[in-house]
Amino acid sequence: MSEETTDRPMIRMAAVDKFFGQLHVLKKISLDVPKGQVVVVLGPSGSGKSTLCRAVNRLEPIDSGVIEVDGRPLPSEGRDLARLRAEVGMVFQSFNLFAHKTILENVTLAPVKVRGQAVPDARKTGLELLERVGIADQADKYPAQLSGGQQQRAAIARALAMRPKVMLFDEPTSALDPEMVQEVLDVMTALAADGMTMLVVTHEMGFARKAAHRVIFMSDGEVVEDGTPAEFFTAPKSARAKDFLGKILTH
Ligand SMILES: Nc1ncnc2c1ncn2[C@@H]1O[C@H](COP(=O)(O)OP(=O)(O)OP(=O)(O)O)[C@@H](O)[C@H]1O
Ligand SMILES: [Mg+2]
């Protein structure tokens with residue numbers, strides 16, 4: 001029994017298909033992510049990276065196949081779906097903080113409302129999380145009073161407040177001014193070092209090389225390459241990955 005638990009992937013996708021109308025955006029995707037693994041998802045625009053992430057959080061329903069998180073199939077609705085959303089944190093390009101709530105209130109809202117945590121406990125945990133992402137001194141400010149990098153770190157703290165088993169990141173630094181990218185990547189790197197299971201769509205190749213255990217390369221809805229960062233960056237197998245790397249690395 002215990003062996004079964006340790007062998008079980010944290011995220012399991014098996015033969016997942018997703019269509020938008022006629023457009024086949026995820027094509028028989030099979031992907032197992034072990035607990036604690038950091039997977040960077042690369043690929044050209046439109047290859048299906050965001051759809052893949054959103055499917056794991058069931059923001060996008062799939063047409064066929066199986067997705068499991070920690071051994072349980074994704075629930076389709078109701079209370080179970082709310083529980084899944086709590087277990088799978090997601091951070092997007094846009095920070096999506098509540099504008100009329102303070103940073104600390106943003107972080108404590110879901111634990112109080114969804115988890116029924118007592119307000120003082122949620123505030124204590126919230127402040128610890130803000131400390132962890134380096135913005136405890138911003139707790140009582142409103143989102144608009146923070147820099148983009150600080151807002152994104154608040155969004156990460158908010159996701160962590162639900163004690164997720166998995167964190168999904170979809171281009172978390174793409175909307176940031178260049179000088180703020182590193183502070184967000186540093187928080188993500190620390191989270192990875194703490195053993196969080198992470199699926200990260202990013203164009204930050206430095207992060208992919210240093211923090212990822214594994215890189216998957218998507219093209220036209222398929223996983224075309226799946227290997228270590230070293231394998232992918234030094235010896236991509238497919239013409240599509242070579243072409244992609246040629247374009248991004250000459251920037
Ligand atoms: N809600 C939608 N309705 C219809 N088509 C969609 C929808 N969302 C995405 N698509 C299409 O599905 C394909 C995959 O989109 P997706 O956003 O997953 O790509 P991506 O790899 O994240 O691209 P990018 O790097 O530009 O963010 C694209 O062809 C896109 O136009
Ligand atoms: Mg995308």
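Step by step: first the residues of the stretch 152-170, then only those that are over 16 Å from A110 (Cα atoms) and buried (at least 24 other Cβ atoms within 10 Å of the Cβ), then the one that is farthest from ligand 1 (Cβ to nearest atom). Which residue is that? The residue in question is R153.
Would you confirm, using the coordinates I've provided, whether L59 is within 16 Å of ligand 2 (Cβ to nearest atom) and in a helix (DSSP H, G or I)? No; evaluated as a whole, the condition is false for this residue.
Looking at K49, K28, just one residue is of a type in the set (K, R), in contact (Cβ under 8 Å) with a residue 12 or more places away in the chain and closer than 25 Å to H203 by Cβ, and that residue is K49. Restricting the first member to the stretch 55-69 and to residues that are farther than 8 Å from M13 by Cβ, and the second to residues that are of a type in the set (S, T, N, Q) and surrounded by 16 or more Cβ atoms within 10 Å (Cβ to Cβ), the beta-carbon pairs closer than 8 Å and six or more apart or on different chains are E60/T51. Restricted to the stretch 174-202, and to residues there that are in contact (Cβ under 8 Å) with a residue 40 or more places away in the chain and open to solvent by less than 10 Å² (accessible area, probe 1.4 Å), the residue that is farthest from ligand 2 (Cβ to nearest atom) is T197. Can you name the residue in the stretch 16-51 that is more than 19 Å from the chain's Cα centre (by Cα) and open to solvent by 50 Å² or more (accessible area, probe 1.4 Å) and is also nearest to ligand 1 (Cβ to nearest atom) among such residues? Applying the filter and picking the extreme gives F20.
The values are calculated or read from the model by the stated rules, or taken from the named source; none is laboratory data. The structure presented is a predicted model; accordingly, all values stated were derived computationally and were not measured. All Cβ positions, even for glycine, are placed from backbone atoms using ideal geometry, and neighbour counts span all protein chains on display. Remember, those area values only see protein heavy atoms, side chains included, never the ligands or the DNA or RNA. Shrake-Rupley method; radii C 1.70, N 1.55, O 1.52, S 1.80 Å.
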